[in-house]
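Written below as structure tokens is the structure these notes are about.
The values are calculated or read from the model by the stated rules, or taken from the named source; none is laboratory data. Everything numeric here is computed off the predicted structure, so don't read it as measured data. All Cβ positions, even for glycine, are placed from backbone atoms using ideal geometry, and neighbour counts span all protein chains on display.
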Amino acid sequence: MVTIQEPEPEPEPEPEPEPGAEALPPEPPPLPPAIPSVEDRLSEISSMLSSGATDAALLLFDIPPLSDSEDSEIALLKASILSSLGKAENARVIAESLVKADPSNAEALFVLAAAEGAAGKIKERKALLEKTIVADPKHSAALAALGTIAMGSKIFKLAENYYDKSLENDPRGMEALIGKARMRRVFDDPSGAESVLNLAIKEYPDWALPLAERAKVYREKGFLTHALADLSKARLLDPEDYWIALDRGVVLFDLERQKDALAEFDQAAKLQPDHFLSYVYSSGIRDELGDWAGAEYDYAMLAALKPDYFYANEALGILRIRDGRWASAADAFIDAFKRAPHQSQYALLVALCWMHSGKTAEIRPFLAKVLPTVNRTTLEWYLLRLFHDQSGDTDIATRIDKETDRDKRARMLYYLAQYYAAKGDNGLAIRYHLQVRDMDRRGIIEWRLNEWALDMHQPKG
């Protein structure tokens, strides 16, 4: 069978150009984008830094033309940005190579000093800062940093000298302005501090710190409304600053605006829940306002964050006595006594709490260790021995009657009253509790405990 192949179709002829029209040449391939100049790139980086795009600015160092540059100034700029971002080790690598090439490179020494500071190496940082000002005696940032180190060491005259030299070379230096103002406060010159801070606020209207510092000056001078105004402006500029919230709380507390102050202390705690200072204030305010559960929480946070602050344990014990949690109260007073063994009343409180909670077997061995540490001629020793021996109360009552120090007498009467209360002798307990009330010694911790004890004995209904 013969297969007949069909002929391939002939290609269509190209259309004839119209008369007068010329054929267009093919379009050339697009040119690669022009690499910007080093100056343009640096200008772009500066704009990014001003807008806060620091990470994007860093990336530009890794592409041409900056990645091809061997200019030490460009490397130093990158190191400085890294240092400002907290990437101290990355900055250190660059700065060390620059210092190796030129040991008198002041800026590289300064970056190295910042890296040592970030690592907590204060001596090494100080040494590098001193080398910086040897290389450049007018290096204002290094001078200011040395001032801050001296201030931290409480060498105040030296600190102010550094700040003054820094400001001579850069009157707008941020660290030096704040440092100088703080030194004026240290040297009891509030007007001088205010003058420096006024300048800082004028130069940096968007910076919260000078306003917060001026508020401290105003508060110390008694101008509380001025202080509050400055702190309110500072809060608008930096709402996440713990110290601004704390200082606002303190000023509001001074203005007797307790609830407003409490809101500020709570905000400070929210910003830095692991910082103890806000709880010092909030616990006391809640306690005074009768928010016992809130106060106990704050005291517990304070005790956990600041173990050596034994007053927090004392307050915890007192609040737990209020609602009869005797064993838990004893634990708090034990913690307080461990941190303040010179406060023998904590040992007495431990003993009476154990009596109320039925843990009488623990009292004798505990007080056997305490008694030798207390002066045998004092009323405290005799009260401790009373709880230790569980006898001798008549002799104690006679000794208390002879006590001329009214605070001490009231305190010892409270413990005697509680001894009888724990023994079940409510008649004698009330008798001595009423004597404490009549003495009206409100400055002792036992006063409050005494009032609660009397409330428990009031008839219900």
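Tell me which residues, restricted to the stretch 331-369, are crowded, with 23+ Cβ neighbours inside 10 Å and within 23 Å of ASP407 (Cα to Cα).
Within the stretch 331-369, PHE333, ALA336, PHE337, TYR346, ALA347, LEU348, LEU349, VAL350, ALA351, LEU352, CYS353 meet the criteria.
Would you confirm whether or not the stretch 373-383 contains a residue that is in contact with a His (Cβ under 6 Å, 6 or more places away or on another chain) and either farther than 19 Å from GLU314 by Cβ or not in a loop (DSSP other than H, G, I, E, B) (or both)?
No, the stretch 373-383 contains no residue that is in contact with a His (Cβ under 6 Å, 6 or more places away or on another chain) and either farther than 19 Å from GLU314 by Cβ or not in a loop (DSSP other than H, G, I, E, B) (or both).
For TRP354, work out the one condition from (1) in contact (Cβ under 8 Å) with a residue 12 or more places away in the chain; (2) under 37 Å from the mean Cα position of the chain (by Cα) it doesn't fulfil.
All conditions pass for TRP354, except number (2).
Could you identify the single residue in LEU277, LEU271, LEU302 that is under 23 Å from GLY249 (Cβ atoms) and surrounded by fewer than 18 Cβ atoms within 10 Å (Cβ to Cβ)?
Being under 23 Å from GLY249 (Cβ atoms) and surrounded by fewer than 18 Cβ atoms within 10 Å (Cβ to Cβ) holds for just one of LEU277, LEU271, LEU302, which is LEU271.
For the stretch 384-417, which positions are assigned to a loop (DSSP other than H, G, I, E, B) and either on the phi < 0 side of the Ramachandran plot or among the basic types (Lys, Arg) (or both)?
Correct list: SER391, LYS402, GLU403, THR404, ASP405.
Do the conditions hold for LEU319, that is, is it hydrophobic (A, V, I, L, M, F, W, C), within 17 Å of the chain's Cα centre (by Cα) and not in a loop (DSSP other than H, G, I, E, B)?
No, not satisfied.
Condition check ((1) of a type in the set (Ser, Thr, Tyr); (2) at pLDDT below 95) across all residues:
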site	(1), (2)
LEU82	no, yes
VAL111	no, yes
LYS121	no, yes
SER140	yes, no
PHE156	no, no
PRO171	no, no
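Any idea which residue in the stretch 305-316 is farthest from the chain's Cα centre (by Cα), counting only those that are in a loop (DSSP other than H, G, I, E, B) and buried (at least 16 other Cβ atoms within 10 Å of the Cβ)?
Taking the candidates together, the pick is TYR309.
Report, by residue number, each residue of the stretch 280-293 that is of a type outside the set (Lys, Arg), in contact (Cβ under 8 Å) with a residue 12 or more places away in the chain and surrounded by 17 or more Cβ atoms within 10 Å (Cβ to Cβ).
Within the stretch 280-293, VAL280, TYR281, SER282, SER283, ILE285, ASP287 qualify.
Identify all residues within the stretch 228-251 that are touching a Lys or Arg at 6+ places or on another chain (Cβ under 9 Å) and buried (at least 16 other Cβ atoms within 10 Å of the Cβ); write none if there are none.
Within the stretch 228-251, LEU228, ASP230, LEU231, ALA234, ARG235, ASP241, ILE244, ALA245, ASP247, ARG248, VAL250, VAL251 meet the criteria.
Under 9 Å by Cβ, and 6 or more places apart or on different chains, what pairs join a residue from the stretch 242-270 that is farther than 18 Å from MET301 by Cβ and modelled with pLDDT under 95 with one that is of a type outside the set (S, T, N, Q) and crowded, with 18+ Cβ neighbours inside 10 Å?
So the pair list comes out empty.
Just to be sure, is GLU168 farther than 20 Å from ALA108 by Cα, over 28 Å from the mean Cα position of the chain (by Cα) and surrounded by fewer than 16 Cβ atoms within 10 Å (Cβ to Cβ)?
Taking the combined requirement at face value, the residue satisfies it.
Scan the stretch 414-446 residue by residue and report those that are touching a residue at least 24 places away in the same chain (Cβ under 8 Å) and of a type in the set (A, V, I, L, M, F, W, C).
LEU416, ALA417, ALA421, ALA422, ALA429, ILE430, VAL436, MET439, ILE444, ILE445
Scan the stretch 323-351 for residues that are closer than 21 Å to HIS457 by Cβ and within 32 Å of the chain's Cα centre (by Cα) and report the count.
Qualifying residue count, the stretch 323-351: 1.
Could you list all residues from the stretch 99-134 that are crowded, with 18+ Cβ neighbours inside 10 Å, under 16 Å from ASN169 (Cβ atoms) and aliphatic (A, V, I, L, M)?
Scanning the stretch 99-134 gives ALA106, LEU129, ILE133.
For residues that are closer than 23 Å to ASP254 by Cβ, over 24 Å from the mean Cα position of the chain (by Cα) and surrounded by 15 or more Cβ atoms within 10 Å (Cβ to Cβ), tally how many sit in the stretch 195-224.
1
Among the candidates ALA114, ALA150, ALA127, ALA141, single out the residue that is assigned to a helix (DSSP H, G or I), touching a Phe, Trp or Tyr at 6+ places or on another chain (Cβ under 8 Å) and within 19 Å of ALA95 (Cβ to Cβ).
ALA141
Of these, ARG431, ARG442, ARG406, ARG411, which one is within 44 Å of the chain's Cα centre (by Cα), among the basic types (Lys, Arg) and either surrounded by 14 or more Cβ atoms within 10 Å (Cβ to Cβ) or at pLDDT below 90 (or both)?
Testing whether each residue is within 44 Å of the chain's Cα centre (by Cα), among the basic types (Lys, Arg) and either surrounded by 14 or more Cβ atoms within 10 Å (Cβ to Cβ) or at pLDDT below 90 (or both) leaves just ARG411.
When the residues of the stretch 93-109 are filtered to those that are more than 17 Å from ALA142 (Cβ to Cβ) and either of a type outside the set (Ser, Thr, Tyr) or modelled with pLDDT under 80 (or both), which remaining residue is farthest from the chain's Cα centre (by Cα)?
ALA101
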